[in-house]
Every structure is written in structure tokens, then in C-alpha cells.
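S.K.: Pasting a structure below so you can have a look.
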Amino acid sequence: MMAADQTRSKTALGADARAGFVCPACRSGRMSVFYEALNVPTNSCILLESEAEARAYPTGDVKLGFCDACGFVFNTAFDLAKTEYSGRYEETQGFSGTFNKFHKALAERLIEKHDLHGKDVLEIGCGKGEFLMLLSELGGNRGLGIDPGVHVERITGPAAERMRFIADFYSDKYADHRVDFLACKMTLEHIPEANAFMSTVRGGLGDQTGAVIFFQIPEAKRILRECAFEDIYYEHCAYFSPGALARLFRATGFDVSDLAIEYGDQYLTIEAKPSAGAPTSPLPLEDDLGELRALVASFPQRCGAQIAKWRGVVESAKAEGKSIALWGSGSKAVSFLTTLGVGEKIDTVTDINPYRHNYFMPITAQRIVAPAELKHIHPDLVIVMNRVYEEEIRADLARMSLQPDLMSL
């Protein structure tokens, strides 16, 4: 991620963007707010050690604005000073067999497609290093990961000696690295000054026009289409459709070669290279402005109905005396609890990530329990925070001889 002093620039653009008017992606469109979620936790993956700390956690507002010129969606009320990316940020999905299968297949695909063998790979926002490890192990590559929340002590395996990590935000001070492949996964959505960030990435590559660029982010059209309010939370200040993402890349000096939507339509991926001549033609997926305008126009009413539906699910279950557990303690769960305002009605939150066990959910303060504890809790209803993992969770419950009702977002 980009250094805080860069993303909070004092330029006229930065001031206007903070006021919620000028688009931080295209730098020309004006943003109109269409959705608000007020007083939400400003971090949803920070490890909180006590119920008191959790209940007193800082809050901020989400006021999503839409840029009619480029299709970018942005939290116009976002304040970077309220977020934290450090060793306390625990976001890995690497304990899920479903996710690891996808992750390995993605690494294998990119290695084969771009002949990543014995190459130099840079990952911006590498998290806990799992994807960089895959690229290094499966392709015999040399890896450099940059992320303020990296835990170097977790990096083990045969490729570890070919990898190094920098616990920092990405900035132009790392522009001297020569790379064959640059990856950035699930990071751009955290960056408030999207155009400035991508311009820094392009500047850092300099004359390396043969380098392949791969980004992965949440896909915004699905969020708008399905009214996935659980995927709207404070850390995610930036939301991209395929067209909005491609337009940003082209505007900041990249030629886009591929766009794809995958992982249950939840992830958007883009492949590009630094521009070196005539620009490439737009891809079919980029033609989405009309669809975005329609989705944004109808979103408030449709999302209100979706929120009411899920609030009704929880309230009906409690009225029947049922015990409710959420499976998944990350950002989706935090948004589910705080958007619906049902924190006191959710009895248990569980997660397969052992690094999150016995910490507390921000604001609502449920203790995060290991799935094994459900054998003693016997929840009547389990709400799965991500439908991609429903089959895996059903199998985990069956192994514990538990048969609760199961619903998935």
C-alpha cells in the first residue's frame, strides 16, 4: 500500500476529494453520494484483545459516491488517519482449503501464461506472503514482498531463501527494483488516491515495458447488483468495476491485456504492461458505464430491502429462541453486524483462522471462537459470511456432528 504521507497529499485535488467531489481515479468527474453507513468501525481485521477495547473502538462514516465520468465508486467520507495497517492486521484466508485451491490454481495459471520461471517478482501489499510464496515455489522465482502487516516469522518453505520482505507501505522509494512480474492483490481497494497510487507504480517501473502487471480486487458490479452491503466497510474506500479499473490503468500509463471476474464473481483481475507505443483497444468488459449508472440509481431502494431482509432473518430467529452464530469474523462479519445493528442478537462468531481466536469483534465485542467450540455451543442457525465457503463449512459442521440451519450471504 502507498505511504500515508503520499495518499494524504495536500494538493487541491486531495482537498476536493476529501470533500467528496472530485473523483480520485479520473481526476475530472464529480462524485454524487448514493449510499451511507454511519458510525462503522474504522478497522475490521485488527486484533482486539479485550471486550472493553472492542466496544470503544473508533468509528467513521461510509458515504459512497459515484463518478459518472469513469464509473469509480469511492467513500467520500474516508479518512486514512483512522485506519491501521500493522502487525495487528490479521486478514489471511490461507486456512481455507477452498481458498488455497483457488490460490494455487491462480499462481499456476499466471506462471504458465507469462513464463514465470526464475524471474524477479514483486508483490505490493503481500499480506502474509502466501501468494508470493506460491509464485516463488511453483516457478522457481525470486520474490520481494512489501506490506506493513507482514509477519516474516510465518514465511517458511523451500522458497523462503529466495524471498525477502519489507514491512512498509509501497512508495516511490522502492522504484529502483527491477521486476519481471508485479502483483498487487486485494490492496488497491484500500487506497484513497487511486490515480496517484497507480502513477507511482508506473513511475517505479520506468523503462521496464516488458514487466507484467497483475492486480486483483473485489468486483464492484456484483456488490451493486446483489446489494452486498456486507462487502462495504471502512477500509475499502475504493470500488472498481472492470471498466473503471481498466480506465484507471490506461489513464496512468498502462496497456490492459486481460480482465476477468472469478471466485464466485467476487474477484476482479486485470493484467497489463507499461505502455510502450500505440494503446491497446478496449476489452468488451470495459463497456459498463451504462450498467453502472443504472445499478447506482436503483441501489438505495434495493439495498434497503436487502438489509431489511437480513435483519428480519436475525430477529425472527431470536424470536423463536434460536442461538445464532456467524461463520467468518473478518470484514464481512463486521459490516453485517454493524450495518444491521444486530450485534446483541448474534451469540457467537467463529473463524478457522487460529490467529483470530480469542480476540474480539469491534464494537459488538463477541469473542471469536474456534470452530471446535461450536460442539459445546450447539448453534441453531449458522450464517455463513461468504457463500463461496458454504460447502466447506457444511463439511466442517458435519464432522462435528452438528446440523444447524445454514444460510449464506
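The values are calculated or read from the model by the stated rules, or taken from the named source; none is laboratory data. Nothing here was measured: the structure is a model prediction, and the numbers come from that model. Backbone-built Cβ (ideal geometry, glycine too); neighbour counts: all protein chains shown.
S.K.: Are any of the residues in the stretch 276-289 without any contact (Cβ under 8 Å) to a residue 24 or more places away in the chain, within 27 Å of residue 43 (Cα to Cα) and outside any helix (DSSP H, G or I)?
M.R.: The first filter runs over the stretch 276-289 and keeps only residues without any contact (Cβ under 8 Å) to a residue 24 or more places away in the chain, leaving 277-278, 281, 284.
In the following step, the residues that additionally are within 27 Å of residue 43 (Cα to Cα) were identified as none.
Scanning the stretch 276-289 turns up no residue that is without any contact (Cβ under 8 Å) to a residue 24 or more places away in the chain, within 27 Å of residue 43 (Cα to Cα) and outside any helix (DSSP H, G or I).
S.K.: Out of all the residues in the stretch 358-383, which are within 24 Å of the chain's Cα centre (by Cα), within 29 Å of residue 226 (Cα to Cα) and of a type in the set (A, V, I, L, M)?
M.R.: Result: 361, 363, 365, 368, 382, 383.
S.K.: Here is a further query. Residues 125, 97, 87: which one is more than 30 Å from residue 296 (Cβ to Cβ), touching a residue at least 24 places away in the same chain (Cβ under 8 Å) and in contact with a His (Cβ under 9 Å, 6 or more places away or on another chain)?
M.R.: Working: 125 fails: more than 30 Å from residue 296 (Cβ to Cβ); 97 fails: in contact with a His (Cβ under 9 Å, 6 or more places away or on another chain).
The match here is 87.
A quick yes/no check of all residues on (1) at positive phi; (2) more than 23 Å from the chain's Cα centre (by Cα):
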residue: 315; (1), (2): no, yes
residue: 356; (1), (2): no, no
residue: 385; (1), (2): no, no
residue: 401; (1), (2): yes, yes
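S.K.: Would you pick out the residues in the stretch 45-94 that are within 27 Å of residue 351 (Cα to Cα), of a type in the set (Lys, Arg) and either in contact with a Phe, Trp or Tyr (Cβ under 8 Å, 6 or more places away or on another chain) or modelled with pLDDT under 95 (or both)?
M.R.: As a first pass, look at the stretch 45-94 and keep what is within 27 Å of residue 351 (Cα to Cα): 45-62, 82-94.
Adding the requirement that they be of a type in the set (Lys, Arg) leaves 55, 82, 88.
The answer is 82, and nothing else.
S.K.: Turning to a different aspect of this structure: Could you tell me whether residue 19 is hydrophobic (A, V, I, L, M, F, W, C) and at pLDDT below 95?
M.R.: Details: hydrophobic (A, V, I, L, M, F, W, C): yes; at pLDDT below 95: yes.
Answer is yes for this residue.
S.K.: For the structure I just gave you, tell me whether residue 364 is hydroxyl-bearing (Ser, Thr, Tyr), outside any strand (DSSP E or B), touching a helix residue (DSSP H, G or I) at 6+ places or on another chain (Cβ under 8 Å) and farther than 22 Å from residue 396 by Cα.
M.R.: Numbers: hydroxyl-bearing (Ser, Thr, Tyr): yes; outside any strand (DSSP E or B): yes; touching a helix residue (DSSP H, G or I) at 6+ places or on another chain (Cβ under 8 Å): yes; farther than 22 Å from residue 396 by Cα: yes.
For residue 364, the condition - hydroxyl-bearing (Ser, Thr, Tyr), outside any strand (DSSP E or B), touching a helix residue (DSSP H, G or I) at 6+ places or on another chain (Cβ under 8 Å) and farther than 22 Å from residue 396 by Cα - is met.
S.K.: If you don't mind, there's one more thing I want to ask. Residues that are free of Cβ contacts under 8 Å to residues at least 40 places away in the same chain: list the strands (runs of 3 or more DSSP E) wholly contained in the stretch 139-189 that include at least 3 such residues.
M.R.: Details: elements: 142-146, 163-166, 181-185.
Those strands (runs of 3 or more DSSP E) span 142-146, 163-166.
S.K.: If you take the residues in the stretch 170-191 that are of a type outside the set (A, V, I, L, M) and crowded, with 22+ Cβ neighbours inside 10 Å, which one is farthest from residue 109 (Cα to Cα)?
M.R.: Applying the first criterion (of a type outside the set (A, V, I, L, M)) to the stretch 170-191 yields 170-174, 176-178, 180-181, 184-185, 187, 189-190.
Checking the rest, the ones that are also crowded, with 22+ Cβ neighbours inside 10 Å come to 170, 181, 184, 187.
Working: 170: 26, 181: 13, 184: 16, 187: 21 Å.
Result: 170.
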